[in-house]
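**Student:** Can you read through this structure? Questions will come right after.
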Amino acid sequence: MIASILQNIPPEAEITRIEFEGPRLALYTRNPKFLHQNTFVISEIVSSIKKRVVVRTDKSIRKKEEEAKTLLVKLIPKNAEVVGMFFDEVLGEATVEVKYPKVLSSDASFDSFILTEKSGWKTRVKKAPGLTSTSIQNVNYALKSAIDQRERFYKSTGEKIFRPKLMNDSAVTLSTLGGFREVGRSSMIVKTPESKLLLDCGVHPGTRNSVAAYPRLDWADVDLSELDAVIISHSHLDHMGFLPVLYKYGYDGPIYLSEPTLPLMNLLLTDSIKVASMEGGRPLFDLRDLREVIRHCIPLPYGLVTDVSPDVKLVLNNSGHILGSSTVHLHIGEGLHNIVYTGDLKYSRSQLLESCVWNYPRIETLIMESTYGAKEDIMPSREDVEARFVHTINETLKEGGKVLIPVPAVGRAQEIMLVLDHYMRQGALAETPIFAEGMISEATAIHNAFPEYLARELRTQILENDTNPFVSDYFTIIDHPSNRSEALQEGPAIIMATSGMLEGGPVIQYFSELASDEKHKMIFVSYQISGTLGRRILDGARQASLLDDKGKIKIVDIACKVEKIEGFSGHSDYNQLLRFVGKVRPKLRRVLVNHGERRKTENLAHMISKLFRVQAEQPSVQETLKLC
């Protein structure tokens with residue numbers, strides 16, 4: 001393949017070498033201008049070999065980083081305001097963050113390619129997020145501190161992907177390792193004639209039983225060295241919380257995920273290490289294992305067809321659940337079988353995200369979630385949800401009470417921030433301090449760094465109108481436990497804190513202080529997994545046992561009002577799930593229902609079969625199914 005490319009490429013391109021780069025072929029050139037002006041050269045190569053091809057600048061023409069920084073600042077118009085830069089030496093890419101990218105698009109004299117030509121680095125310019133993200137900084141540090149390792153990783157991964165096919169078999173099977181007839185530890189293995197792919201690798205946050213807490217890799221007798229790839233649908237722990245353990249015990253292959261999922265994953269996994277340590281337990285993994293995860297990630301934009309093994313192509317698409325959440329589309333063989341795994345699914349627009357993708361080129365098997373798969377799981381309209389939310393908060397604030405909102409840091413927190421800011425600006429919500437603590441601020445900074453993944457109106461506000469509803473005067477960030485007294489002082493207030501299910505995090509301290517006073521209120525806005533403290537309180541528990549600062553058990557009486565607002569969830573309700581199945585194109589042959597309590601998976605599978613005359617099943621954990 002490589003020899004054929006070299007024979008047919010024009011000498012003017014000055015190609016110095018061609019390397020495997022994970023799922024891509026990288027062409028290194030000393031004359032990037034020629035290939036930029038003659039795009040047909042690359043188009044013909046791609047058409048010929050049917051593989052992804054990227055152009056890289058040869059190291060010999062790259063300026064040293066400090067020199068390149070100085071040069072790029074000079075080349076970019078000053079009124080764009082350069083804020084920061086990141087250089088990835090392995091890929092030869094420079095990312096320049098500017099405060100006002102509109103300046104560049106409106107300046108007819110500015111040509112962004114000149115940045116690449118003059119610096120020798122393949123340069124892209126993006127809007128600076130406006131908020132500093134420690135997680136993104138940590139990801140960048142992990143990447144820059146492992147240059148040689150990453151070069152070897154990309155090369156070895158590419159060699160495995162582009163090796164000749166060995167088998168003539170046509171069987172495709174699915175083995176369920178977790179997340180079937182339950183919510184938590186989502187994980188499954190798709191086995192093809194040439195490949196073994198692990199889809200998600202989560203933990204169960206509501207159980208302390210190790211057999212039920214982690215994916216059943218032991219049952220599947222998985223040799224980690226035989227896995228061709230891990231594909232992560234999104235960054236919640238029940239879908240990726242076990243991932244670093246794979247590297248701790250020998251996995252050395254790639255992880256495919258969307259671009260925002262990498263820093264979000266780093267944020268949540270780092271926090272899980274801290275929480276386990278604070279609770280006196282022994283973390284499953286440490287920061288060294290997490291850095292290995294980062295260095296093996298291959299982030300992908302939505303919609304890009306990517307080879308992940310000799311016989312499987314992958315496409316990630318928006319699933320509407322949280323920032324970067326993806327449906328996983330696997331195209332197996334030359335039309336042999338197509339699988340779409342929804343991960344967590346929202347078939348409805350929100351203020352934060354667009355609705356999930358439903359149109360696919362081909363699909364035979366759909367693996368879909370059923371968190372709200374019971375007939376009674378019907379959510380009110382979004383207008384009614386927001387009206388009730390504002391009304392119940394106003395009730396408590398009027399009485400001088402505080403409203404505590406436990407939120408997952410990623411997704412629900414940002415959605416609730418947008419709603420609170422909107423209604424407070426309108427005057428419909430009583431003006432009062434809004435305090436936020438935990439990972440909310442950091443997760444919000446990551447949302448700001450990836451505006452292209454947000455809902456259209458929100459994206460326009462941030463990118464084109466230069467207004468940012470996440471940065472509001474109404475919000476006060478509690479950046480240290482010693483500052484909680486401000487939020488807890490006498491008087492009405494709204495407090496948002498993680499975690500969303502009351503399984504650790506700063507919300508526990510606020511809950512401990514507020515729960516025994518009936519003038520306060522706790523509002524749940526996200527799904528509460530069975531076994532969590534949040535679920536027990538929703539089910540009517542009037543006492544809770546907590547650990548105090550000294551590690552002693554403290555019994556807390558629950559006298560505050562407790563309310564659940566349905567409709568802010570990042571999951572589809574029952575009607576939305578059925579509408580999604582009816583909308584999916586092309587028409588399905590088979591549906592496997594997962595990610596739901598047993599009766600909900602059973603009900604949804606039954607209704608899909610009845611309404612759409614499609615074979616619908618609800619496997620259990622530790623089953624292997626033949627898909628074709």
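**Student:** Take Ala428 and decide whether it is within 20 Å of the chain's Cα centre (by Cα), small (Gly, Ala, Ser) and either more than 30 Å from Thr132 (Cα to Cα) or in a helix (DSSP H, G or I) (or both).
**Tutor:** Here the answer is no, as Ala428 does not meet what is asked.
Residues checked against (1) surrounded by fewer than 17 Cβ atoms within 10 Å (Cβ to Cβ); (2) of a type outside the set (Asp, Glu); (3) at pLDDT below 90:
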residue	(1), (2), (3)
Arg459	yes, yes, no
Ile462	no, yes, yes
Phe470	no, yes, yes
Glu490	yes, no, no
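**Student:** While we're looking at this one, here's another question. Can you find a residue that is surrounded by fewer than 19 Cβ atoms within 10 Å (Cβ to Cβ), out of contact with any strand residue (DSSP E or B) (no Cβ under 7 Å at 6 or more places or on another chain) and either in contact (Cβ under 8 Å) with a residue 60 or more places away in the chain or assigned to a loop (DSSP other than H, G, I, E, B) (or both) anywhere in the stretch 226-248?
**Tutor:** Scanning the stretch 226-248 turns up no residue that is surrounded by fewer than 19 Cβ atoms within 10 Å (Cβ to Cβ), out of contact with any strand residue (DSSP E or B) (no Cβ under 7 Å at 6 or more places or on another chain) and either in contact (Cβ under 8 Å) with a residue 60 or more places away in the chain or assigned to a loop (DSSP other than H, G, I, E, B) (or both).
**Student:** Does the stretch 436-445 contain at least one residue that is crowded, with 18+ Cβ neighbours inside 10 Å, outside any helix (DSSP H, G or I) and within 19 Å of the chain's Cα centre (by Cα)?
**Tutor:** yes
**Student:** Considering each of Ile339, Ile363 in turn, give the residue that is of a type in the set (Val, Ile, Thr), part of a strand (DSSP E or B) and buried (at least 19 other Cβ atoms within 10 Å of the Cβ).
**Tutor:** Values: Ile363 fails: part of a strand (DSSP E or B).
Unique residue meeting the criteria: Ile339.
**Student:** Of all residues in the stretch 583-594, how many are in contact with a Phe, Trp or Tyr (Cβ under 7 Å, 6 or more places away or on another chain) and surrounded by 15 or more Cβ atoms within 10 Å (Cβ to Cβ)?
**Tutor:** Of the residues in the stretch 583-594, 2 are in contact with a Phe, Trp or Tyr (Cβ under 7 Å, 6 or more places away or on another chain) and surrounded by 15 or more Cβ atoms within 10 Å (Cβ to Cβ).
**Student:** Right, next: I need a count of the residues in the stretch 499-529 that are among the hydroxyl-bearing types (Ser, Thr, Tyr) and either touching a His at 6+ places or on another chain (Cβ under 7 Å) or without any contact (Cβ under 8 Å) to a residue 40 or more places away in the chain (or both).
**Tutor:** Total satisfying the criteria: 1.
**Student:** Output the number of residues of the stretch 93-133 satisfying the condition of being within 16 Å of Asn79 (Cα to Cα), surrounded by 16 or more Cβ atoms within 10 Å (Cβ to Cβ) and of a type in the set (A, V, I, L, M).
**Tutor:** Number of matching residues: 6.
**Student:** Tally time: how many residues in the stretch 606-621 are closer than 21 Å to Glu182 by Cα and not in a loop (DSSP other than H, G, I, E, B)?
**Tutor:** So in the stretch 606-621, the residues closer than 21 Å to Glu182 by Cα come out as 606-609, 615-621.
Checking the rest, the ones that are also not in a loop (DSSP other than H, G, I, E, B) come to 606-609, 615-617.
Going through the stretch 606-621 one residue at a time, the tally reaches 7.
**Student:** Okay, next question. Please go through (1) over 22 Å from the mean Cα position of the chain (by Cα); (2) over 30 Å from Ala171 (Cβ atoms) for Ser350 and return the number of the only condition it doesn't satisfy.
**Tutor:** For Ser350, the exception is condition (1).
Residue-by-condition table, conditions (1) free of Cβ contacts under 8 Å to residues at least 24 places away in the same chain; (2) touching a Phe, Trp or Tyr at 6+ places or on another chain (Cβ under 8 Å); (3) over 23 Å from Ala146 (Cβ atoms); (4) polar (S, T, N, Q):
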{"site": "Ala3", "(1), (2), (3), (4)": "yes, no, yes, no"}
{"site": "Pro11", "(1), (2), (3), (4)": "yes, no, yes, no"}
{"site": "His36", "(1), (2), (3), (4)": "no, yes, yes, no"}
{"site": "Ser48", "(1), (2), (3), (4)": "no, no, yes, yes"}
{"site": "Pro77", "(1), (2), (3), (4)": "no, yes, yes, no"}
{"site": "Met85", "(1), (2), (3), (4)": "yes, no, no, no"}
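**Student:** Hey, could you check the stretch 472-482 for residues that are out of contact with any Asp or Glu (no Cβ under 7 Å at 6 or more places or on another chain) and at pLDDT 90 or above and say which is surrounded by the most Cβ atoms within 10 Å (Cβ to Cβ)? Break it down into steps so the answer makes sense when it comes.
**Tutor:** Filtering the stretch 472-482 down to residues out of contact with any Asp or Glu (no Cβ under 7 Å at 6 or more places or on another chain) leaves 473, 475-477, 479-482.
Next, from what is left, pick out any that are at pLDDT 90 or above: 475-477.
Details: Phe475: 19, Thr476: 16, Ile477: 14.
So the residue we want is Phe475.
**Student:** Among (1) in contact with a Leu (Cβ under 7 Å, 6 or more places away or on another chain); (2) closer than 26 Å to His447 by Cα; (3) surrounded by fewer than 24 Cβ atoms within 10 Å (Cβ to Cβ), which single condition is Arg216 missing?
**Tutor:** If we test Arg216 against (1) in contact with a Leu (Cβ under 7 Å, 6 or more places away or on another chain); (2) closer than 26 Å to His447 by Cα; (3) surrounded by fewer than 24 Cβ atoms within 10 Å (Cβ to Cβ), just (2) comes out false.
**Student:** May I pose another question? Does Val222 qualify as being among the aliphatic types (A, V, I, L, M), outside any strand (DSSP E or B) and over 20 Å from the mean Cα position of the chain (by Cα)?
**Tutor:** yes
**Student:** Which residues, counting only those in the stretch 194-213, are out of contact with any helix residue (DSSP H, G or I) (no Cβ under 7 Å at 6 or more places or on another chain) and either of a type in the set (Asp, Glu) or surrounded by fewer than 18 Cβ atoms within 10 Å (Cβ to Cβ) (or both)?
**Tutor:** Correct list: Glu194, Arg208, Asn209, Ser210, Val211, Ala212.
**Student:** Identify, from the list Gly324, Gly253, the residue that is outside the structural domain of Ser530 (by TED's automatic domain parsing), on the phi > 0 side of the Ramachandran plot and in a loop (DSSP other than H, G, I, E, B).
**Tutor:** The conditions single out Gly324.
**Student:** Does the stretch 530-537 contain at least one residue that is outside the structural domain of Leu237 (by TED's automatic domain parsing), touching a residue at least 60 places away in the same chain (Cβ under 8 Å), of a type outside the set (Gly, Ala, Ser) and part of a helix (DSSP H, G or I)?
**Tutor:** yes
**Student:** Of all residues in the stretch 1-59 being among the β-branched types (Val, Ile, Thr) and assigned to a helix (DSSP H, G or I), which is surrounded by the most Cβ atoms within 10 Å (Cβ to Cβ)?
**Tutor:** Here the answer is Val41.
**Student:** Determine which single condition Leu71 fails, assuming it passes every other condition in (1) part of a helix (DSSP H, G or I); (2) surrounded by 13 or more Cβ atoms within 10 Å (Cβ to Cβ); (3) out of contact with any Ser or Thr (no Cβ under 6 Å at 6 or more places or on another chain).
**Tutor:** Condition (3) is where Leu71 drops out.
**Student:** Further, regarding this structure: How many residues are more than 15 Å from Phe87 (Cβ to Cβ) and either surrounded by 15 or more Cβ atoms within 10 Å (Cβ to Cβ) or in contact (Cβ under 8 Å) with a residue 12 or more places away in the chain (or both) when one looks only at the stretch 134-150?
**Tutor:** So in the stretch 134-150, the residues more than 15 Å from Phe87 (Cβ to Cβ) come out as 134-135, 138, 148-149.
Keeping just the survivors that are either surrounded by 15 or more Cβ atoms within 10 Å (Cβ to Cβ) or in contact (Cβ under 8 Å) with a residue 12 or more places away in the chain (or both) gives 134-135, 138, 149.
Of the residues in that region, 4 qualify.
**Student:** A further question follows. Anything in the stretch 299-338 that is among the aliphatic types (A, V, I, L, M) and within 20 Å of the chain's Cα centre (by Cα)? List them, or say none.
**Tutor:** Leu300, Leu304, Val305, Val308, Leu314, Val315, Leu316, Ile322, Leu323, Val328, Leu330
**Student:** When you go through (1) touching a helix residue (DSSP H, G or I) at 6+ places or on another chain (Cβ under 7 Å); (2) touching a residue at least 40 places away in the same chain (Cβ under 8 Å); (3) under 16 Å from Ile5 (Cα atoms) one by one for Arg52, which number turns out not to apply?
**Tutor:** (1)
**Student:** Here's a follow-up. Since Ser572 meets every condition but one in (1) surrounded by 14 or more Cβ atoms within 10 Å (Cβ to Cβ); (2) in a helix (DSSP H, G or I), which condition does it not meet?
**Tutor:** Of everything listed in (1) surrounded by 14 or more Cβ atoms within 10 Å (Cβ to Cβ); (2) in a helix (DSSP H, G or I), Ser572 misses just condition (2).
**Student:** Could you tell me whether Leu264 is in the same structural domain as Ser326 (by TED's automatic domain parsing), of a type outside the set (Val, Ile, Thr), under 10 Å from the mean Cα position of the chain (by Cα) and closer than 22 Å to Glu503 by Cα?
**Tutor:** Against the criterion (in the same structural domain as Ser326 (by TED's automatic domain parsing), of a type outside the set (Val, Ile, Thr), under 10 Å from the mean Cα position of the chain (by Cα) and closer than 22 Å to Glu503 by Cα), Leu264 qualifies.
The values are calculated or read from the model by the stated rules, or taken from the named source; none is laboratory data. On a predicted model such as this, the values are computed, not experimentally measured, just so you know. For neighbour counting, all protein chains shown are included, and Cβ atoms are generated from backbone atoms with ideal geometry for every residue, glycine included.
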